[in-house]
Amino acid sequence: MAEAGTGFLEQLKSCIVWSWTYLWTLWFFIMLFLVYILRVPLKINDNLSTVSMFLNTLTPKFYVALTGTSSLISGLILVSTMSINITLEFDFDIQNCILSFIQINRDSLCVCLLLTECKVWRNPLNLFRGAEYNRYTWVTGREPLTYYDMNLSAQDHQTFFTCDTDHLRPADAIMQKAWRERNPQARISAAHEALELNECATAYILLAEEEATTIVEAEKLFKQALKAGEGCYRRSQQLQHHGAQYEAQHRRDTNVLVYIKRRLAMCARKLGRTREAVKMMRDLMKEFPLLSMFNIHENLLEALLELQAYADVQAVLAKYDDISLPKSATICYTAALLKARAVSDKFSPEAASRRGLSTAEMNAVEAIHRAVEFNPHVPKYLLEMKSLILPPEHILKRGDSEAIAYAFFHLQHWKRVEGALNLLHCTWEGTFRMIPYPLEKGHLFYPYPICTETADRELLPSFHEVSVYPKKELPFFILFTAGLCSFTAMLALLTHQFPELMGVFAKAFLSTLFAPLNFVMEKVESILPSSLWHQLTRI
């Protein structure tokens with residue numbers, strides 16, 4: 001039903017636009033015919049003299065009236081066409097909203113609306129503010145994080161690192177206020193104040209994230225936070241069933257412990273101890289299997305790719321690339337990389353066009369198309385067609401922010417696989433032929449959300465040019481009509497201000513225009529008998 005409705009509206013839009021084109025063309029030829037009847041005599045040889053005499057007798061009012069009429073009609077066509085586009089796009093949105101309300105999504109097997117608010121996710125590979133983001137600011141003078149992004153992080157910290165019983169412990173009460181501070185120095189000062197009262201795990205977390213200027217310093221602070229966090233976790237674990245307050249405190253202590261261990265694993269990965277990082281991540285996922293909101297498996301995938309442990313990567317994908325779990329660019333593009341790795345070293349576009357694609361090559365191409373449909377912004381960063389920036393602390397799935405976060409960490413893994421980027425370069429654009437209307441209907445996933453551009457502009461810094469998909473391009477007819485309207489208005493103004501000069505210009509233009517016709521007619525007169533030419537002119 002959606003395809004039928006879309007096809008009907010597209011046909012209606014095409015008919016209306018081409019009807020306007022036909023009317024404008026008909027009006028133009030009628031005007032040309034009238035001018036020809038008035039100005040062109042029967043004798044071809046006297047064309048130029050008659051035209052000159054006729055133009056000399058015309059007043060500027062005639063030109064103003066002629067060009068003004070042309071400008072008015074062109075303007076009406078332009079306004080009508082734009083109103084048609086707006087109306088039909090509005091109809092498309094209403095139709096999509098109604099159809100999406102009753103559509104069962106094949107991924108989550110639940111009824112969902114197409115036009116829902118875009119959800120922003122915590123970037124599982126987010127950098128350290130003090131050791132990485134601030135160093136970038138010191139070197140370039142640019143702020144890599146937006147206020148919106150940092151505000152979302154502040155909300156995350158208050159959710160994960162605070163609870164209702166914090167006011168009963170002085171150090172936790174200070175940290176509860178510190179997470180709400182906007183000034184970084186005020187937060188750091190509050191963390192030091194909390195540490196003077198007690199060994200506070202969240203205070204060490206804040207200092208490791210924002211005060212430490214190197215990864216080594218951050219790792220030392222996180223190890224101190226781990227020692228304090230484990231003690232709090234053991235105490236709250238014993239009391240979690242004594243009441244709702246104790247349960248909330250235990251949930252907070254669990255979040256703190258998981259966050260510390262995950263950041264310690266990331267420190268090990270950044271310092272080159274990749275095997276140690278992989279072990280820490282595996283132990284963490286085994287100890288807390290239900291805390292999937294941290295997306296630790298994406299950190300594990302990146303570390304395993306660094307070790308080139310592709311069999312282990314495939315095992316992780318088999319567990320998390322499931323129909324019931326939310327997808328991500330990391331999962332989709334890593335799956336495509338593994339399938340491309342099997343054929344990319346011997347892939348040649350010329351050979352494939354001659355003999356066709358093999359089964360393995362077809363599987364690799366389909367995996368690339370699947371990944372590109374999920375996030376179409378990633379290939380331009382992997383192929384280095386767009387420059388990378390530091391990834392934000394939050395990402396929008398299927399958006400430009402997620403593409404930056406993925407390519408920032410995984411570009412090196414694609415370069416390491418011989419021929420993988422070449423295969424991606426040859427095949428990624430073929431995805432768009434399968435989804436000509438990505439905002440209305442997808443192939444393997446939801447229709448592409450329309451809210452990604454707005455959310456990405458809030459998440460990404462102003463000096464970055466946000467990637468937009470699909471690009472909104474005006475039809476050629478609208479551009480042509482707008483240009484014609486502007487051109488005729490300019491002619492009317494010039495004719496009114498400089499009538500004599502425009503008359504000379506019109507004479508020269510018509511002389512040049514009719515020169516080939518006069519040449520052809522002279523040749524015809526010289527070839528045909530004079531009696532036959534006389535009979536033709538009488539007819």
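The values are calculated or read from the model by the stated rules, or taken from the named source; none is laboratory data. Quantities reported herein were computed from a predicted structural model and do not represent experimental measurements. Here the Cβ positions follow ideal geometry from the backbone for every residue, glycine too, while neighbour counts run over all protein chains shown. Heads up: the accessible areas ignore ligands, DNA and RNA and are worked out on the full protein's heavy atoms, side chains in. Shrake-Rupley method; radii C 1.70, N 1.55, O 1.52, S 1.80 Å.
Here are some notes:
- Selection count, the range 227-256, where residues are of a type in the set (A, V, I, L, M) and either outside any helix (DSSP H, G or I) or out of contact with any Cys (no Cβ under 8 Å at 6 or more places or on another chain) (or both): 2
- Per this entry, ALA208 is counted among residues that are crowded, with 20+ Cβ neighbours inside 10 Å and of a type outside the set (Val, Ile, Thr).
Residue-by-condition table, conditions (1) at pLDDT below 90; (2) in contact with an Asp or Glu (Cβ under 9 Å, 6 or more places away or on another chain):
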residue: LEU300; (1), (2): no, yes
residue: ALA309; (1), (2): no, no
residue: ASP312; (1), (2): no, no
residue: ASP321; (1), (2): yes, no
residue: SER324; (1), (2): yes, yes
residue: LYS327; (1), (2): yes, yes
residue: THR334; (1), (2): no, yes
residue: LEU337; (1), (2): no, no
residue: ASN363; (1), (2): no, no
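- Among the residues of the range 373-414, those identified as among the polar types (S, T, N, Q) and not in a helix (DSSP H, G or I) are ASN375, SER387.
- Of the residues making up the range 431-474, those that are of a type in the set (S, T, N, Q), over 13 Å from the mean Cα position of the chain (by Cα) and modelled with pLDDT of 85 or more number 1.
- Verdict on HIS413 being touching a strand residue (DSSP E or B) at 6+ places or on another chain (Cβ under 6 Å), touching a residue at least 12 places away in the same chain (Cβ under 8 Å) and open to solvent by less than 10 Å² (accessible area, probe 1.4 Å): no
- Looking across the range 293-329, the residues that are under 13 Å from PRO124 (Cβ atoms), part of a helix (DSSP H, G or I) and either touching a residue at least 24 places away in the same chain (Cβ under 8 Å) or of a type in the set (A, V, I, L, M) (or both) come down to MET293, PHE294, ILE296, GLU298, ASN299, LEU300, LEU301, GLU302, ALA303, ALA329.
- Qualifying positions in the range 330-358 - without any contact (Cβ under 8 Å) to a residue 40 or more places away in the chain, assigned to a loop (DSSP other than H, G, I, E, B) and over 26 Å from PHE408 (Cβ atoms): SER348, GLY356, LEU357, SER358
- Close pairs from the range 154-182: first among the hydrophobic types (A, V, I, L, M, F, W, C), partner open to solvent by 60 Å² or more (accessible area, probe 1.4 Å) and not in a loop (DSSP other than H, G, I, E, B), Cβ under 6 Å, at least 6 apart: ALA171/LEU197; ALA173/HIS167; ILE174/GLU193; TRP179/GLN158
- Any chance ALA455 is touching a Cys at 6+ places or on another chain (Cβ under 7 Å) and part of a helix (DSSP H, G or I): yes
- Residue among GLU210, GLU217 that alone is closer than 30 Å to ALA455 by Cβ, outside the structural domain of SER401 (by the TED database) and not polar (S, T, N, Q): GLU210
- Number of the condition not met by PHE477 [criteria: (1) modelled with pLDDT under 75; (2) not in a helix (DSSP H, G or I)]: (2)
- Scanning the range 131-151 for residues that are surrounded by fewer than 17 Cβ atoms within 10 Å (Cβ to Cβ), of a type in the set (Phe, Trp, Tyr) and closer than 15 Å to LEU459 by Cα returns TYR147, TYR148.
- Checking each residue in the range 202-226 for being in a helix (DSSP H, G or I) and not hydrophobic (A, V, I, L, M, F, W, C) picks out THR202, TYR204, GLU209, GLU210, GLU211, GLU217, GLU219, LYS220, LYS223, GLN224.
- Answer residue from the range 153-201, given it is hydroxyl-bearing (Ser, Thr, Tyr) and outside any loop (DSSP other than H, G, I, E, B) and is surrounded by the most Cβ atoms within 10 Å (Cβ to Cβ) among those: SER153
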